[in-house]
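J.: Quick one: structure below, then a few questions.
Where a number appears in this text, it was derived from the coordinates with a stated rule and is not lab data. This is a predicted model, so every value here is computed, not measured. Every residue, glycine as well, gets a Cβ built from its backbone with ideal geometry; the counts of neighbours run over all protein chains shown.
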Amino acid sequence: MRDIKRLNEAFNTFTLASERLRDYYQSLQAHVEHLTVELQKKNAELQQALGFLNSVIHCIREAIIVLDRDERIIMMNRSAERILGTTLADSRGRRAVDSGCGFTTDGEEVELDTGSGRRRFFVSISEVNNDEEGLIGYVILLSDVTLLKEMEAERIRNRRLIAMGEMMANIVHELRNPLCSIELYSSMLYKELENSPHASLARGVSTGVRNLNNFLSNMLYFARPRNPRPGRCNVRELVDEALTLVEPVAGSRGIGIERTVADSVINGDPGLLKQVLLNLLLNAVQSMDAGGTLTVSTEREGGGLRLSVSDTGCGISEEDLDKIFDPFFTTRDEGTGLGLPISLRIMQAHGGTIKVRSVKGSGSTFILSFPEEAILKEVNDAEYSCC
């Protein structure tokens, strides 16, 4: 009987322990289910945060390239893909130097060929470290500073032009007084010698004085440009009128002319703008000795307008590109070096500017940029083209 009683007590104890274990298991199962729900919730939040971060990284204009400790690419955003001309799928695992981004110096500036032409970038390289392993990778940031460089160059050029303009105004003022006297006396001398063998000499003096006076007038215009008299200007008509004057010279050199010009209307001084076009067209023709193509085209840029004049001539060397808008700088023996500076002044007076792209031996493209506020309306969306 005593053994049976002990067996019952043991069985009751086992039953109580089993019930407690079951309760613990149910409590643990409920806790696990709660943790599973929380984990799924946190994973969803993490995936959402990673997706947002990934979208932010891909929307950043700067190029971002992430390397591991062995300088192999593990991530890049869309800007980096566009600049380097590759994709992350093609570049993942490759060494940075083999993918065109083997930059070694933090804070350097580099020039890269992109889909929109050759542009300048500021390179920033940061190390990625953690407490356990130390260096685990690198982050390369490429910032496009092309526009900033162009703006800085334009500010420097404008300061230089203003200083030269003031100096030229003083020079013209000092020269014109004696020049007027010389012109007066030479005309009087010509009348005195009109029927004599020396009349041609007096006429030559008068002609030389008039040429010098015209040159001084150009200098004075650069120093103190005339304020534009704005009116409605049809861009295509301006181009046609300017090309009509240039076509005989182009034809004599065997140069073909191509134009794709939208029928746009802008607010500007037609006389001054035609002078700009003639300067650019004549420069383009004179850069091509025998044969070649002169191309005039327009395109909308945001709300503004770009008018491009391109040639297939000798091009401009890199060291001369920063000087071509300086007064009196010219690479031609017969040039005065005032055409481009005056053209730039005219465009600035219209709220626009002139930009140039050129490679020595491969031709040049001069771009007249008119701001949005200068555009009156688009007369005809269809383009007028002829060759």
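J.: Along the range 247-255, what does the Karplus equation 6.51 cos²θ - 1.76 cosθ + 1.60 (θ = phi - 60°) give for ³J(HN,Hα), rounded to whole Hz, x for Gly and Pro?
T.: Using θ = phi - 60°, the values come out as 3, x, 5, 5, x, 5, 9, x, 9 Hz.
J.: While we're here: Amide H to amide H under 5 Å from residue 305: which residues, 5+ apart in sequence or cross-chain, H placed 1.01 Å off N in plane?
T.: 370
J.: Straight-line reach only, C-alpha to C-alpha below 16 angstrom: list the lysines that residue 149 could link to, leaving out same-chain residues fewer than 8 apart.
T.: The reachable lysines, counting only those whose Cα sits under 16 Å from residue 149, are 323, 355.
J.: Which order do peptides 40-51, 309-320 fall in by mean Cβ count within 10 Å, highest first?
T.: Details: 40-51: 10.0, 309-320: 17.5.
Peptide ranking by packing, descending: 309-320, 40-51.
J.: Please tell me the relative contact order of the range 91-172 in percent, rounded to the nearest whole number, where contacts are Cα pairs under 8 Å and at least six residues apart. Could the numbers behind the result be given before it?
T.: Working: 77 pairs, mean separation 14.6, N = 82.
It rounds to 18 percent for the range 91-172.
J.: Then there's this: Between residue 257 and residues 5 or more places away or on another chain, which pairs have amide H atoms under 5 Å apart, with H built 1.01 Å from N, and which residues are they?
T.: The answer is 294.
J.: Express as a percent, rounded to the nearest 5, the fraction of DSSP beta bridges in the chain (both residues included) that run antiparallel. Write down the numbers at each step before the final one.
T.: Values: 57 of 62 bridges.
Restricted to the chain, the bridges split so that about 90 percent are antiparallel.
J.: In terms of modelled amide H atoms, which long-range or inter-chain residues lie less than 5 Å from the amide H of residue 145?
T.: 120, 121, 122
J.: List the GluC sites (Glu not before Pro) in the range 90-168 that DSSP assigns to loop (not H, G, I, E or B) and whose Cβ has at most 10 other Cβ atoms within 10 Å. Which are they? Don't skip to the end; give the middle numbers.
T.: Numbers: sites: 108, 109, 111, 127, 132, 133, 150, 152, 154, 166; in loops: 108, 132, 133.
Within the range 90-168, the qualifying GluC sites (Glu not before Pro) (loop, at most 10 other Cβ atoms within 10 Å) are 132, 133.
J.: For Cα Rg over 2.2 N^0.38 Å, which listed value, (1) 1.76; (2) 1.14; (3) 1.85, comes from the coordinates shown?
T.: (1)
J.: Could you tally the net charge around residue 274, taking each other residue with its Cβ under 11 Å from the Cβ of residue 274, Lys/Arg +1 and Asp/Glu -1?
T.: Numbers: positive: none; negative: 237, 240, 241, 269.
Around residue 274, the surrounding residues sum to -4.
J.: Also: Across the range 70-82, in residue order, what do the Karplus-derived ³J(HN,Hα) couplings come to in whole Hz, using 6.51 cos²θ - 1.76 cosθ + 1.60 with θ = phi - 60° and x for Gly and Pro?
T.: My calculation for the range 70-82 gives 8, 6, 9, 6, 10, 7, 8, 8, 5, 4, 5, 4, 5 Hz in order.
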